[in-house]
Amino acid sequence: MPACRSSASSAPNSTEPDLSEDFDLAGAYASARSRISGLVSTAGMDEVANCIVPATPAWTVPLLIAHLRGVLADVAAGNLEGSPGEAWTAAQIKRWGDVPLPELFEQWAAESREVEVLLRAGTAGPFSVPLVMDAHAHEQDLRGALGMSGERTGSFYAWAIDILAGRIPDRVAKAGLAPMALVTPIGRFGADDAPVTLTVDEWEYTRVAFGRRSVAQVTALQWAVNGVPVVDSAVVALYAPLLSRFGLATVDLTE
């Protein structure tokens, strides 16, 4: 595996809220795209050509960018059948995977400006929220690959966690487990009297929610039952898979 790291610095209920009117989707997407472009430029486009992204080990950095460019193209074209499944993603890689990085970034930027207009108008379609979350998730994947940590706090996390955490109570109830609450610096998500709690910072929770942590890593986080810290991971192991709709990583990912 080629070395990728650069020397550069580096809702309280189960109803999913519609926060798109309160959050600048277009600005968030444009900012993430710009940062991703800057990270690759800083690392060097030639240097990252064969660099594997540990969070998505089937992809090199160029393939990660091909996916991001492909998602935007599919959203712009309304090609959402099968999204966000493996076949849908594989088609993006097949179409854009051989395009040189400079050209990919130019295409992505040009089409992004058009989609951002739709995002601001609220007419970009049902994939608007996933589009923004996907860009931020892959930005962190890229940062991990290049050793350029950053963007671990901010308005994106308050918006995303409100949506992502709002899905937990239903999953827990369907699994027949005792209610749990997520406790973050942004706030508590879940019933005040939920006996099971997971206390975690906003960045780490999103990495879990986007499937970038293993079951072992999730159960090793700060869990408590009735206020007593959990020391036996088996007690909370059933909760771990419920925190991500994508499934958890099969190996530990350290970033």
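The values are calculated or read from the model by the stated rules, or taken from the named source; none is laboratory data. Computed from a predicted structure; not experimentally measured. Quick reminder, even Gly has a Cβ in these numbers, built from the backbone with ideal geometry, and neighbours come from all protein chains shown.
Miscellaneous remarks
- Candidates in region 216-255 are the residues that are in a helix (DSSP H, G or I) and over 21 Å from Glu202 (Cβ atoms); of these, the one that is nearest to the chain's Cα centre (by Cα) is Ala216.
- Any chance Gly97 is in contact with a helix residue (DSSP H, G or I) (Cβ under 9 Å, 6 or more places away or on another chain) and in the same structural domain as Pro229 (by TED's automatic domain parsing): no
- Selection of first residues in region 99-117 that are more than 16 Å from Val71 (Cβ to Cβ) and of second residues that are outside any helix (DSSP H, G or I), restricted to Cβ pairs under 6 Å at least 6 apart or on distinct chains, gives the following pairs, ordered by first then second residue: Leu101/Met45.
- Candidates Gly187, Gly176, Gly211: the one that is in the same structural domain as Pro229 (by TED's automatic domain parsing), small (Gly, Ala, Ser) and under 22 Å from Pro57 (Cα atoms) is Gly211.
- Within region 226-255, the residues that satisfy the criterion of being surrounded by fewer than 13 Cβ atoms within 10 Å (Cβ to Cβ), over 29 Å from Leu142 (Cβ atoms) and small (Gly, Ala, Ser) are Gly227, Ala234.
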